[in-house]
Amino acid sequence: VVNKERYVYVPNIFSPDNSADGGNDFFTVFGGEDVELVKFLKIYNRWGRAVFENRDFSPNDTQSGWDGKVGGEKALPAVFVYEVEVLFKDGETGVYRGDVTLMR
């Protein structure tokens, strides 16, 4: 029996406030040892307009995630939709979709 449980975590809230603790300032994809690469991370506003995209980065890399800015300006608090494609070490991929709340 092969256990194909995938360890991928995508937060549903973040607060990019550049606080001294440095925590929760970026929205990114977290994964276990079975995750090879985040093929893409796309963020959309409530009207479906893409506001962020990054490709081919390591999981758990907060600096590769979204900093809560749109066009260089801080986005207002809102709910955004994300789409993520993850490549696992066994060559399979998984697509994850959901929403994330940006708080200020």
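The numbers here are math on the coordinates, done by the rules we state, and not lab data. Note that the structure is a prediction, hence the values are computed from the model and not measured. Reconstructed Cβ throughout: ideal geometry from the backbone, glycine too, with neighbour counts over all protein chains shown.
Overview of results
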read-out: Amide H contacts of Leu37 (H built 1.01 Å from N, under 5 Å, at least 5 apart or other chain); value: Leu87
read-out: Extension gain (nm, one decimal) between Glu92 and Phe30, 0.36 nm per residue minus Cα-Cα; value: 20.6 nm
read-out: Loop GluC sites (Glu not before Pro), the range 1-86, which have at most 16 other Cβ atoms in a 10 Å radius of their Cβ (DSSP); value: Glu5, Glu33
read-out: Around Asp61: net Lys/Arg minus Asp/Glu count, Cβ-Cβ under 14 Å; value: -2
read-out: Residue (of Phe27, Val38, Ser58) at the positive-pole extreme of the chain, dipole from beta-carbon charges; value: Phe27
read-out: At 1.002 mPa s and 20 °C, Stokes D of the chain from Kirkwood alpha-carbon radius, µm² per second; value: 151 µm²/s
read-out: Cβ-derived FRET efficiency at R0 22 Å, Arg55 paired with Tyr7, nearest 0.05; value: 0.55
read-out: Peptide ranges 64-70, 86-92, 11-17 listed from the most packed, as the mean C-beta count within 10 angstrom indicates; value: 64-70, 11-17, 86-92
read-out: Cα-projected label distance for Asp67 with Asn45, points at 7 Å along beta-carbon direction, nm; value: 1.9 nm
